[in-house]
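The structure appears below as structure tokens.
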Amino acid sequence: DFDGNPRPCEEGVDMGAYESGGCGVAPDRFDRGDANSDGTMDLSDAVKILLFLFSGGGEPLCLKSADADDNGIVEITDAIYILRGLFMGEAAPPAPHGQCGPDPTEDELTCLSFPPCE
């Protein structure tokens, strides 16, 4: 619907701009590890996180995507996690990674926008 709620919601069909019933808001969709929201996880994502944390760089559009280790906090360990995955063959970030999806774990991080998933 107009607010992004899934359709149809509950029983029946609603043909208005807003879904009726007890619908929740559609979950934010993003790709974990893609901190700069360019559609791929690479060195620039680790740099984006480091600039944000230590040099006054702009906040990522989707903080959830910058939380590469999925611990609910954007910190230096996220940049390290990405670098270890890229250059040492260690584990990829937890879901959703490699495709757009909702965050399976609850935390306080936001995802204002993630253009590759829109």
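The values are calculated or read from the model by the stated rules, or taken from the named source; none is laboratory data. The structure displayed is predicted, hence computed values, not measured ones. Cβ sites come from the backbone with ideal geometry, for glycine too, and all protein chains shown count toward neighbours. Quick note on the areas: whole protein, heavy atoms, side chains included, nothing else; ligands and nucleic acids left out. Shrake-Rupley method; radii C 1.70, N 1.55, O 1.52, S 1.80 Å.
Full extension of the segment from Leu51 to Gln99, taken as 0.36 nm per residue of separation minus the current Cα-Cα distance, would add 14.8 nm. For Phe30, the amide hydrogen comes within under 5 Å of the amide hydrogens of Gly101, counting only partners 5 or more places away or on other chains and with H modelled in the peptide plane.
Express in nm, to one decimal, how much length is gained between Glu106 and Ala91 on full extension, taking 0.36 nm for each residue of separation and deducting their alpha carbon distance.
Length gained, Glu106 through Ala91: 3.3 nm.
With K and R counted +1 and D and E -1, the other residues having a Cβ less than 11 Å from that of Leu53 yield a net charge of -2.
Summarised in one figure, the compactness ratio Rg/Rh of the range 33-118, Cα atoms and Kirkwood Rh, is 0.92. At a probe radius of 1.4 angstrom, the accessible area of the range 29-118 per residue rounds to 52 square angstrom.
Gly98 sits among other residues whose Cβ lies under 12 Å from its own Cβ, and their net charge, with Lys and Arg +1 and Asp and Glu -1, is -1.
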